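Colleague: Below: one structure in structure tokens.
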Amino acid sequence: MNPTPLGPVTAGIPANLRTPRIRSKASSRARPAASTEFSFRLKPRDIARHLDRFVIGQREAKKVLGVALCDHFQHVRLTLEGQPAPFYQKQNVLLLGPTGVGKTHLIRSAADLIGVPFVKADATKFSETGYVGADVDDLVRDLIRRAGGDIQRASHGIIYLDEVDKLAGSGESSGRDVSGRGVQTNLLKLLEDGDVPVLSPNDVTGQLQSAMSAARGNTPGQPDTISTRHILFIASGAFVGIDDHIRARLQSPTLSPEKCQARLATADLVRFGLEPEFVGRLPVRVACHGLDADDLFAVLSRSESSLLHQYERSFAAYGIRLTITAPALRRLAVLAEQEHTGARGLMSVLEKTFRDLKFQAPSTKVRSLEITEDFLDDPARATRSLLARKTSR
Ligand SMILES: Nc1ncnc2c1ncn2[C@@H]1O[C@H](COP(=O)(O)OP(=O)(O)OP(=O)(O)O)[C@@H](O)[C@H]1O
Ligand SMILES: [Mg+2]
């Protein structure tokens, strides 16, 4: 059986699509704040094509993201070029879908391409007051950190807020629900157009340093606040059970999950427990589908970010060439599907498969290994016989 050739482990971006569309006109030693240029030239299809290299499936999400990201960053570019659109309404995105199907992977890959700073956080880490958990404004300050302190760059970044479904209230007036609703309220101003102090009120050292620098007459050259007007927010969550709200609203109890996703409306998200004002500020919505065995096979064999490259690389570090036959890859995909954790299932399945081989093979003289389908029946036993056969030759 033919070993499946795996493409080169290059997560690089081709020169024609390569970004960082943010360049400093002044020398790198100059203060970056007032002198950054933003020249975004991508088109929605460029973004979708780039995402195709890393993310399998999720065609609708790629289309929606391509359009939303281009709309947003073209608007940012035009504004910075002196053509403001005062009535522009931001196209923040809500991504729905089960765990491990590529939601974060899509956003991270898109942010890499666009070359804007990117921050990801779980909505559950915030609390209403910021006393116990983090304060939502910290998200924006994280973005500044990611932009290397360049506030101008940070002000066109992307903030990705995961697990927003966990902010839903259930009508009870205690515990997480209250806090979740409070966090939604705090996020409202950020989602539209808010000013966030660059230094956290809790950052005593930072405040002191800034005061001392101002007293010495060293004006820092950066503003004290950052506006969120041009920061794109992408929220996501699994929203388990939302299909039932959709079916109930449409009085169609047998509607398939795909059709439910296509008919998702604001009312369903509100019934789920999110505040209408919060949902309203996430106008672009798209669902990611679950991954079946065929998709998982493609994740392994076609995606440039395939976990197999990591395995190849770790064996290659000991001078061992690893190949896996196509039927073995298919079997791994079927096993991973049974984990019901999307592409994350591949991690556990591969780990179990290669555990003994990774432990034993580096201490042998073996230089190449081919994994076939029967290896997967009992990887520990198969490892022993494979290594015995190879080393006795
Ligand atoms: N559609 C896909 N194509 C290629 N790789 C994928 C895909 N989906 C997931 N992966 C792989 O699985 C890993 C986990 O996926 P990701 O972090 O995007 O999940 P998620 O949808 O954000 O899940 P969660 O809701 O649990 O955060 C990714 O880093 C990627 O390697
Ligand atoms: Mg995620």
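The values are calculated or read from the model by the stated rules, or taken from the named source; none is laboratory data. Keep in mind that this is a model prediction, so the values were computed, not measured. FYI the Cβ positions are ideal-geometry reconstructions off the backbone, even for glycines, and counts take in every protein chain you see. Only protein heavy atoms, including side chains, enter the accessible area calculation; ligands, DNA and RNA are left aside. Shrake-Rupley method; radii C 1.70, N 1.55, O 1.52, S 1.80 Å.
Colleague: Convert each backbone phi in segment 109-123 into a coupling constant with the Karplus relation 6.51 cos²θ - 1.76 cosθ + 1.60 (shift: θ = phi - 60°), then list the ³J(HN,Hα) values in order as whole Hz, x for Gly and Pro.
Modeller: 5, 5, 5, 4, 5, 6, x, 9, x, 9, 10, 10, 8, 8, 4
Colleague: Any chance you could look up the accessible area of D193 with a 1.4 Å probe, heavy atoms only, rounded to 10 Å²?
Modeller: D193 exposes around 80 Å² with every protein chain in place.
Colleague: Shifting gears a bit: Read phi for every residue in segment 306-313 and hand back ³J(HN,Hα) as whole Hz from Karplus 6.51 cos²θ - 1.76 cosθ + 1.60, θ = phi - 60°, with x for Gly and Pro.
Modeller: Each residue of segment 306-313 in turn: 3, 4, 4, 4, 5, 5, 4, 5 Hz.
Colleague: Rank by packing, highest mean first: peptides 377-390, 143-156, with packing defined as the count of other Cβ atoms within 10 Å averaged across residues.
Modeller: 143-156, 377-390
Colleague: How high is the FRET efficiency between R49 and T99 when r is their beta carbon distance and R₀ equals 25 Å, given to the nearest 0.05? Present the calculation step by step, with values, prior to reporting the outcome.
Modeller: Details: r = 26 Å, r/R0 = 1.05.
It comes out at approximately 0.45.
Colleague: Something else now. Amide H to amide H under 5 Å from A235: which residues, 5+ apart in sequence or cross-chain, H placed 1.01 Å off N in plane?
Modeller: V93, L94, L95, L161
Colleague: What is the P(r) of segment 293-392, as percent of Cα-Cα pairs per 10 Å bin from 0?
Modeller: 16, 51, 28, 5, 0
Colleague: Another one. Mind listing the phi-derived Karplus ³J(HN,Hα) values for segment 288-302, rounded to whole Hz, using 6.51, -1.76 and 1.60 with θ = phi - 60°, and x for any glycine or proline?
Modeller: 9, 8, x, 9, 8, 4, 5, 4, 5, 4, 5, 4, 5, 9, 10
Colleague: Any of K125/K259; K125/K352; K166/K352; K62/K120; K103/K259 with alpha carbons more than 29 Å apart? Name them for me.
Modeller: K125/K259; K125/K352; K166/K352
Colleague: Using mean Cβ contacts within 10 Å as the protection proxy, how do 362-373, 293-304 order, highest first?
Modeller: Order by mean packing, descending: 293-304, 362-373.
Colleague: In addition: Using just the alpha carbons, could you tell me how many Å³ per residue the convex hull of segment 41-112 encloses?
Modeller: Numbers: hull volume 6.2 nm³, N = 72.
Spelled out: Cα convex hull of segment 41-112, divided by residues, is 85 Å³.
Colleague: I would also like to ask the following. Kindly sort H105, H72, H230 by accessible area of their heavy atoms, largest first, with the probe set to 1.4 Å.
Modeller: H105, H230, H72
Colleague: Please work out how much length the chain gains when fully extended from K259 to R271, using 0.36 nm per residue of separation minus the C-alpha to C-alpha distance, in nm with one decimal. Display every interim value, and only then the final one.
Modeller: Values: separation 12, 0.36 × 12 = 4.32 nm, distance 1.83 nm.
Length gained between K259 and R271: 2.5 nm.
Colleague: Still on this model: Cβ neighbours within 10 Å, averaged per peptide: list 83-93, 319-329 in order, most packed at the top.
Modeller: Those peptides, ordered most packed to least, come out 319-329, 83-93.
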